[in-house]
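Notes to accompany the following structure.
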Amino acid sequence: MVVERIAVIGTGYVGLVSGTTFAELGHSVICADLDEAKIAMLQRAEIPIYEPGLQELVTSNVQKNRLAFTSDIGEAIRSSDILLIAVGTPTLESGDVDMKYVHHVIATIVSHTTSAKVIVIKSTVPVGTGRRVEQELRTALPHIQIDVVSNPEFLREGSAIHDTFHPDRIVIGAEQAEAGKRIAALQSALPGELLLTDRESAELIKYASNAFLAAKISFINEMAHVCEKVGADVGLVAKGMGLDKRIGPHFLNAGIGYGGSCFPKDTRAQLKIAQNVDYDFKILSAVIEVNQLQRERFVDKIKDTLGGKLHGKRIAVLGLAFKPNTDDLRDAPALDVIHALQSLGAEIHAYDPAALHHASKLLRDVQMYDDLYDAAYDADAIVIATEWETIRQMNAERIRSLMRYPVIIDGRNMFRPDEMSRLGFTYVSVGRAA
Ligand code: UGA
């Protein structure tokens, strides 16, 4: 195996996990970020994000001298042959992708490049970015060989290490076959099908995949409403659908809709990408609208279950993160639900095993607990917003004895309705008979 010298620019979620993975695969990796405080943390082997397994992997690769961290981006560029761009690409008010961090990195690359480089774009960027970046760099550095390759990332927060080492596919979009093969070789030890494409297709595969997964979720959430009206069980409907190999069983869990840093942002960006070429991507508009409505309908469900009035009611919200195994609260459905419940006069007590630190900065007048029994104490109702394992394992009888009224409104369909009734709860979930 050829050991490559790789600089990863941007040590957010994708950068940190990708850099650590390339080090684990035997390459020499330097992760660079302008954020000096974050780099200082990483140099002390403290991980700024919550991701099971990452700490161990970072520590072992630092010890093996394959992984280092720096805030000197220029030095990282000069000392590496492959530059991985993994900076954030947030969405602007207009719906367009904010490319300021990518532009800043490109300007830094121009200032510090004196030898040939392959630039790998890991950030999720609009179609055509790779081509434009390559033109810009070749114009600014006419005597240096520069190739730009798109290598989108498909890992999920909370299972990032597993996803990276067991990818379904590795997509590499390149115009120059040699550069594409070199980036493929970096990852040749990983399983999963290698798909070599042109750059535009690779860029679009990332958005198309996230948009399609979001569509599956919104579809099943709409089905859930139909199920409630006709007395069917959305869990069984999803199971029956998912047994068809053409549909597949994944991403068909009905609930309070998707959140996080990817689906909400990427669906809006894909819609805008289509609008920019005069195409009205109708399904995608509906996917986004349904996801928003899902949160509102869930609040209506809570209100209806509690007799229409929430004023003065104490509600224990279990789970704040946008999904389990992360402390990420970006676009978490729980936040919208809590704000809506508060505006209706409810008193909120919240439990989350990982996200309380971030939550305390985002939520006002919420009592926070890292123990779910404390959160449930004297509650008029429990609302489940994230399917944490600790919630699945809860002692339901103990919970019932602590609550003022034994009412659970479950936004993640974690429990069997018949079992919860047997345990004496009024149990309401999504798309299933009570
Ligand atoms: C998502 C994709 O799954 C990754 O493949 C992709 O690489 C990543 O975005 C990205 O673009 O970086 P992530 O946002 O970490 O990953 O989390 P997911 O596990 O996909 O969950 C997203 C949201 O969908 C969560 O709020 C989850 O609760 C919700 N969801 C998921 C459902 O409501 N129902 C489901 O059946 C599945």
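The values are calculated or read from the model by the stated rules, or taken from the named source; none is laboratory data. Quick caveat: nothing in here was measured; it's all calculated off a predicted structure. Glycine also receives a Cβ, built like all others from the backbone with ideal geometry; neighbour counts cover every protein chain displayed.
Worth pointing out:
- Number of positions in region 133-156 that are in a loop (DSSP other than H, G, I, E, B), within 13 Å of Ala174 (Cα to Cα) and of a type in the set (S, T, N, Q): 1
- Subset of region 4-18 [under 11 Å from Asp81 (Cβ atoms) and of a type in the set (A, V, I, L, M)]: Ile6, Ala7
- With respect to the conditions (1) in contact (Cβ under 8 Å) with a residue 12 or more places away in the chain; (2) closer than 30 Å to Glu389 by Cβ, Glu46 falls short on a single one, namely (1).
- When Ala211, Ala184, Ala202, Ala179 are checked against the criterion of being assigned to a helix (DSSP H, G or I), within 16 Å of the ligand (Cβ to nearest atom), at pLDDT 95 or above and within 22 Å of Leu25 (Cβ to Cβ), Ala202 stands alone in meeting it.
- Filter result (under 19 Å from Gly307 (Cβ atoms) and touching a helix residue (DSSP H, G or I) at 6+ places or on another chain (Cβ under 8 Å)) within region 395-409: Met403, Pro406, Val407, Ile408, Ile409
- Residue in region 286-307 that is assigned to a helix (DSSP H, G or I), buried (at least 17 other Cβ atoms within 10 Å of the Cβ) and touching a Pro at 6+ places or on another chain (Cβ under 7 Å) present: yes
- Test: residue in region 189-197 that is more than 15 Å from the ligand (Cβ to nearest atom) and of a type in the set (Ser, Thr, Tyr): yes
- Filtered residues of region 220-238 (kept if assigned to a helix (DSSP H, G or I), touching a residue at least 12 places away in the same chain (Cβ under 8 Å) and of a type outside the set (A, V, I, L, M)): Asn221, Glu222, His225, Cys227, Glu228, Gly235
- Top-ranked residue of region 220-257 - restricted to ones that are surrounded by fewer than 16 Cβ atoms within 10 Å (Cβ to Cβ) and on the phi > 0 side of the Ramachandran plot, ranked as farthest from the ligand (Cβ to nearest atom): Gly231
- All positions within region 259-285 that are touching a residue at least 60 places away in the same chain (Cβ under 8 Å) and not in a helix (DSSP H, G or I): Gly259, Gly260, Ser261, Cys262
- The single condition among (1) in contact with a His (Cβ under 9 Å, 6 or more places away or on another chain); (2) within 23 Å of Phe263 (Cβ to Cβ) that Phe298 does not satisfy is (1).
- Residues of region 391-422 satisfying the condition of being exposed (fewer than 15 other Cβ atoms within 10 Å of the Cβ) and either β-branched (Val, Ile, Thr) or more than 20 Å from Lys303 (Cα to Cα) (or both): Arg392, Gln393, Asn395, Glu397, Arg398, Ser401, Arg416, Asp418, Glu419, Arg422
- Test: Ile217 is modelled with pLDDT under 95, surrounded by 15 or more Cβ atoms within 10 Å (Cβ to Cβ) and assigned to a helix (DSSP H, G or I): no
- Some residue of region 106-115 being in contact with a Lys or Arg (Cβ under 7 Å, 6 or more places away or on another chain), modelled with pLDDT of 95 or more and within 16 Å of the ligand (Cβ to nearest atom): no
- Restricting region 146-168 to residues that are away from the ligand (no atom under 11 Å from the Cβ) and of a type outside the set (S, T, N, Q), the residue that is surrounded by the most Cβ atoms within 10 Å (Cβ to Cβ): Val148
- Among residues of region 409-433, those that are at pLDDT 95 or above and more than 14 Å from Gly255 (Cβ to Cβ), counted: 12
- Of all residues in region 16-35, those that are within 14 Å of Ile183 (Cα to Cα) have Cβ atoms under 6 Å from Cβ atoms of residues that are part of a helix (DSSP H, G or I) and among the hydroxyl-bearing types (Ser, Thr, Tyr), 6 or more apart or on another chain, in Thr21/Thr164.
- Search result, residues across region 82-117 that are aliphatic (A, V, I, L, M), closer than 22 Å to Thr267 by Cβ and touching a residue at least 12 places away in the same chain (Cβ under 8 Å): Ala86, Val87, Val97, Met99, Val102
- Tally, over region 299-333, of residues that are out of contact with any Gly (no Cβ under 7 Å at 6 or more places or on another chain), over 16 Å from His349 (Cα atoms), within 16 Å of the ligand (Cβ to nearest atom) and hydrophobic (A, V, I, L, M, F, W, C): 1
- Any hit, region 347-360, residues being of a type in the set (Asp, Glu), within 16 Å of the ligand (Cβ to nearest atom), within 29 Å of Ser159 (Cα to Cα) and out of contact with any His (no Cβ under 8 Å at 6 or more places or on another chain): yes
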